[in-house]
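The values are calculated or read from the model by the stated rules, or taken from the named source; none is laboratory data. On a predicted model such as this, the values are computed, not experimentally measured, just so you know. Don't worry about glycine lacking a Cβ; one is built from the backbone with ideal geometry, like all the others, and counts go over all protein chains shown. To get the accessible areas, we keep the full protein, side chains included, count just its heavy atoms, and leave off ligands, DNA and RNA. Shrake-Rupley method; radii C 1.70, N 1.55, O 1.52, S 1.80 Å.
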Amino acid sequence: GEPPPVILTMMARQFRLLLQGKELVERGAKVSQIAGELKIPPFVAKKIMAQSANFTSERLEDILRRLLEMDAAIKAGGRDFYPAFEDFVISLLAG
């Protein structure tokens, strides 16, 4: 029920947190440090740590780049949100 720009913003935020969290974990940060650095509650930091383990940093950077490209294409009028978002989700599942 959310409007397209909100959905896109929430997706980008989640993947940005995953990338930032992954980088902090790789530097040896603990849950409390990650929570403080990312300004999120500790229980969210734990989830970010667990989820980020499913991705490489390169994969997360690629996903963020594709989200940016999708946003630009939608704003330029080259793509409609729902077909572009569907293609994006399918590409995530495909690896």
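A few comments on the model shown:
- Filter result for the condition that a residue is part of a loop (DSSP other than H, G, I, E, B) and surrounded by 16 or more Cβ atoms within 10 Å (Cβ to Cβ), over Phe85, Phe55: Phe55
- Test: residue in region 8-17 that is surrounded by 13 or more Cβ atoms within 10 Å (Cβ to Cβ), out of contact with any strand residue (DSSP E or B) (no Cβ under 6 Å at 6 or more places or on another chain), part of a loop (DSSP other than H, G, I, E, B) and among the aromatic types (Phe, Trp, Tyr): no
- The set of residues in region 18-32 that are assigned to a helix (DSSP H, G or I) and aliphatic (A, V, I, L, M) comprises Leu18, Leu19, Leu24, Val25, Val31.
- Summed over region 69-82, residues that are without any contact (Cβ under 8 Å) to a residue 12 or more places away in the chain and in a helix (DSSP H, G or I) total 4.
- Scan of region 58-82 for residues that are buried (at least 17 other Cβ atoms within 10 Å of the Cβ) and under 11 Å from the mean Cα position of the chain (by Cα), ordered by number: Leu60, Ile63, Leu67
- Among the criteria (1) open to solvent by 90 Å² or more (accessible area, probe 1.4 Å); (2) part of a loop (DSSP other than H, G, I, E, B); (3) among the β-branched types (Val, Ile, Thr), the one Ile40 does not fulfil is (1).
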